[in-house]
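Report on one structure; see the data block that follows.
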There are 2 protein chains.
Amino acid sequence: MARINDNYPKLPVSYLFSEIARRVEAYKQSTPNADIIRLGIGDVTRPLVPSVVKALHDAVDEQAVAATFRGYGPEQGYDFLRNIVIENDFIPRGIKLEADEIFIGDGAKSDIGNFGDILSVNSTVALTDPVYPVYVDTNVMAGRGGDSVDGRWSSIEYLPCTAKNNFVPELPTSSAEIIYLCYPNNPTGTTLTRERLKTWVDYARSSEALILFDAAYEAFITEDDIPHSIYEIEGAKEVAVEFRSFSKTAGFTGLRCGYTVVPKSLQCKTLSGEKVSLNRLWNRRQTTKFNGTAYVVQRAAEAVYSPQGRKEVRDNIAYYLQNAEIIRSGLQRLGLNVYGGISAPYIWLQTPDGISSWNFFDRLLTECNVVGTPGVGFGPSGEGFLRLSAFGDQERVREAMQRIENWKI
Amino acid sequence: MARINDNYPKLPVSYLFSEIARRVEAYKQSTPNADIIRLGIGDVTRPLVPSVVKALHDAVDEQAVAATFRGYGPEQGYDFLRNIVIENDFIPRGIKLEADEIFIGDGAKSDIGNFGDILSVNSTVALTDPVYPVYVDTNVMAGRGGDSVDGRWSSIEYLPCTAKNNFVPELPTSSAEIIYLCYPNNPTGTTLTRERLKTWVDYARSSEALILFDAAYEAFITEDDIPHSIYEIEGAKEVAVEFRSFSKTAGFTGLRCGYTVVPKSLQCKTLSGEKVSLNRLWNRRQTTKFNGTAYVVQRAAEAVYSPQGRKEVRDNIAYYLQNAEIIRSGLQRLGLNVYGGISAPYIWLQTPDGISSWNFFDRLLTECNVVGTPGVGFGPSGEGFLRLSAFGDQERVREAMQRIENWKI
């Protein structure tokens, strides 16, 4: 009988958001009239902006006529999108990239999840804690997790991000070969300054580690000294891959588009010590296991960079950041400890009186009818925290805060 | 320094179709006025049908308004599509499936390539020869290939499909745990009768092998005794995964949608011999490393099943099959040995006088300005053959055949 990948059964069956959905559903069953406000999952609620909608319609019309129909595109993405990405996201920040260093994909989740394909299953991993569960689970699937002991995987180094260190992780103490960083951070909503990110790049250069840098929330940065790309730091092209997404920037969560930057100067080694370009390996992976992102979606992404598209998208980001400010300041007025929410769409709330994440989640759900995400779901250092997302409708966000302010916690 | 997956460097850098593109480009440079007709790569040329175009426009309009906007969808696909797939592709053939046995993806190439994620890297593989290169390369990447010796991978069992066995492969002689079958076949354009497919299902049941059945060309079947789905064969749900695609059926090569059927009764085993449901593992894989196919694309796929959509799509298939007939009968009139092209969009041409695949490719390119695909590019048993694709414009197909008929080979 065919054998399975024996790393899979090690993983818990239930994904964090499935468990949340289950509890919300159970509460709705018991209290059918409850008016539930969801500030849990990080999904956008504003519709696609007019420039993107127009680009989609135009591209659909192209696909309707033989003369302009396009079938298979380049697996790495069309040059029109790769070039406009470079011109807008990198050149203005002094970063030079070539088109073949940009790989257009169907979203950061896929690319981050699949990137491990080209790395050794024996490579060691370090990641911040709390963390986006996809980094952990995909490494466990590949066999880089070891065993699960008290909510931690034995072969992964966890770098705690807590109130004590102001959510700035310490450098790894193991000789981790692969380091995951996500800034602005999901779930804590905190950031790394240029100076602090530089210590990571310098560390990776000296220890020859690979940084997988998730910049999905880059568009939310409002502060000056926060780098938008890891390549703003000198030498990063030799140590870092960067993942970008149109999901949160332009509301593409249902449209699916992102991109991954793999500089040609980035190398890793074979078992025999020979250096190999990761760009070449990722290109081989994508051309073999992927057939490109829909043409119409790539045209939609291109429209995000038009002058009108940029303005429309900025307005949406401003709207979500206003939500973040409403949540942040409201919670602060209640005397609660809150973090993030300034250059990120997430607010990281310390539960009062040391209540556990899940207890606080349950009380917030049943007493205020507001859904958050239990911090412990993102890792052991998330215990005692709750993530609130700023992607809701503004009136509903105000209503949620009203309820929380009137609440006897 | 981070280490790479050491299986990657084993693969040749160049993919078959890149080498073809290189040779065509070189010829165009030397002969700029050549009027080249491409019957090589299997990409469609007819535009999206009106029903699909309308569904796309409608879905884009939904995404433009907050009240109907949809962000993240279910990673496994929307129920509206999963259900209509079952009602149209399976119920009429007597096959019962539940919605959670259908996984909507962004195309068969991704799903076939990624499916190995959930299987042991130590599982043994058998595949037909010639074959779609993705089956081979993705297994080599996972470490199931062994070493490359004279164009064959040492750990893979090749099942030759040649004129001698009328392109019907013999059952494996190794105890292969994973068997890839693609029918109607790419590249040979040949089919398996119901009776013959039954011997494969029976074999898989008795030897407890897993069949990965690629049915991407199902829509081209014109003959009565050719099964459209492997699940038409009794017991197949216990041994087979089926991959389907809208690429060739409805011209979605640039839109990206397909689906994978993983029956809940299909089991494989862990190292310790415990039986595990593959459906559960694939669900875990997709929810962790994939975020669903674009909503607008799923609406487009749904429209393929509307009465008008079905008619429009059938007309396109008929057009391509007419091309296949023009190519097949033209080559036969020249006294050449041709196979396939009756229930498939590919014609498999035996080169005259035992000329090698690449020599024949070069002569066809430079003397007729027609591009085919060298059979040997699909595996060692493809040597001495050339694949011609029926996806071109009909006038151009006729012109290509005219040139070949006037050719002094």
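The values are calculated or read from the model by the stated rules, or taken from the named source; none is laboratory data. None of these values were measured; they are calculated from a predicted model. When we count neighbours, we look across all protein chains shown, and the Cβ atoms used for this are built from the backbone with ideal geometry, even at glycine.
Tabulated data for the structure shown
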read-out	value
Selected residue (criterion: nearest to residue A:309 (Cα to Cα)) from residues of the stretch A:31-78 that are surrounded by 15 or more Cβ atoms within 10 Å (Cβ to Cβ) and among the polar types (S, T, N, Q)	A:51
Boolean, residue A:179 is within 11 Å of chain B (Cβ to nearest Cβ), under 30 Å from residue A:273 (Cα atoms) and within 22 Å of the chain's Cα centre (by Cα)	yes
Pairs, first assigned to a loop (DSSP other than H, G, I, E, B) in the stretch A:81-108, second among the basic types (Lys, Arg), C-beta under 7 Å, six or more apart	A:106/A:256; A:107/A:256
Count of the stretch B:245-261 residues which are over 21 Å from residue A:256 (Cα atoms) and more than 12 Å from chain A (Cβ to nearest Cβ)	2
Looking only at the stretch B:35-61, and only at residues there that are in a helix (DSSP H, G or I) and not hydrophobic (A, V, I, L, M, F, W, C), the one that is nearest to the other protein chains (Cβ to nearest Cβ)	B:57
Conditions (1) among the charged types (D, E, K, R); (2) assigned to a loop (DSSP other than H, G, I, E, B); (3) over 27 Å from residue B:230 (Cα atoms); number of the one not met by residue B:28	(2)
Cβ-Cβ under 6 Å pairs, at least 6 apart or on other chains, the stretch A:3-25 side more than 8 Å from chain B (Cβ to nearest Cβ), far side modelled with pLDDT of 95 or more and part of a strand (DSSP E or B)	A:24/A:371
Matching residues, the stretch A:202-244, being within 14 Å of chain B (Cβ to nearest Cβ), under 13 Å from residue A:260 (Cα atoms) and assigned to a loop (DSSP other than H, G, I, E, B)	A:216
Any hit, the stretch B:173-188, residues being in a loop (DSSP other than H, G, I, E, B), of a type in the set (Asp, Glu) and more than 23 Å from residue B:238 (Cα to Cα)	no
Scan of the stretch A:175-200 for residues that are of a type in the set (Val, Ile, Thr) and surrounded by fewer than 24 Cβ atoms within 10 Å (Cβ to Cβ), ordered by number	A:190, A:193, A:199
Residue among B:248, B:269, B:237 that alone is buried (at least 24 other Cβ atoms within 10 Å of the Cβ) and among the charged types (D, E, K, R)	B:248
Residues of the stretch A:276-292 satisfying the condition of being touching a helix residue (DSSP H, G or I) at 6+ places or on another chain (Cβ under 7 Å) and more than 7 Å from every other protein chain (Cβ to nearest Cβ)	A:278, A:279, A:282, A:285
Failed condition for residue A:116, given (1) within 30 Å of residue A:347 (Cβ to Cβ); (2) part of a helix (DSSP H, G or I); (3) not hydrophobic (A, V, I, L, M, F, W, C)	(1)
Selected residue (only one of B:199, B:188, B:173 is closer than 25 Å to residue B:347 by Cα and away from every other protein chain (no Cβ under 14 Å))	B:188
Identity of the residue in the stretch B:79-106, among the charged types (D, E, K, R) and more than 14 Å from chain A (Cβ to nearest Cβ), that ends up surrounded by the most Cβ atoms within 10 Å (Cβ to Cβ)	B:89
Which listed residue is among the acidic types (Asp, Glu), surrounded by fewer than 21 Cβ atoms within 10 Å (Cβ to Cβ) and in the same structural domain as residue B:181 (by TED's automatic domain parsing), from B:150, B:137, B:117	B:150
Residue ranges of strands (runs of 3 or more DSSP E) in the stretch B:295-409 with at least 3 members over 25 Å from the mean Cα position of the chain (by Cα) and more than 14 Å from chain A (Cβ to nearest Cβ)	none
Residue that is farthest from residue B:345 (Cα to Cα) [pool: residues in the stretch B:225-249 that are small (Gly, Ala, Ser) and touching a residue at least 60 places away in the same chain (Cβ under 8 Å)]	B:229
Flag for residue A:66 being part of a loop (DSSP other than H, G, I, E, B) and either farther than 22 Å from residue A:285 by Cα or not polar (S, T, N, Q) (or both)	yes
All positions within the stretch A:309-336 that are free of Cβ contacts under 8 Å to residues at least 40 places away in the same chain, of a type in the set (A, V, I, L, M, F, W, C) and more than 21 Å from residue A:38 (Cβ to Cβ)	A:318
Any pair with Cβ under 6 angstrom, 6 or more apart, that starts in the stretch B:42-66 at a residue that is closer than 13 Å to residue B:298 by Cβ and ends at one that is assigned to a loop (DSSP other than H, G, I, E, B) and among the β-branched types (Val, Ile, Thr)	B:62/B:68
Unique residue being of a type in the set (D, E, K, R), free of Cβ contacts under 8 Å to residues at least 60 places away in the same chain, out of contact with any strand residue (DSSP E or B) (no Cβ under 7 Å at 6 or more places or on another chain) and assigned to a loop (DSSP other than H, G, I, E, B) when the list is B:198, B:164	B:164
Check on residue B:349, touching a residue at least 60 places away in the same chain (Cβ under 8 Å) and of a type in the set (A, V, I, L, M)	no
Qualifying residue in the stretch A:250-261 (condition: assigned by TED's automatic domain parsing to the domain that holds residue A:163, in contact (Cβ under 8 Å) with a residue 24 or more places away in the chain, outside any helix (DSSP H, G or I) and on the phi > 0 side of the Ramachandran plot)	yes
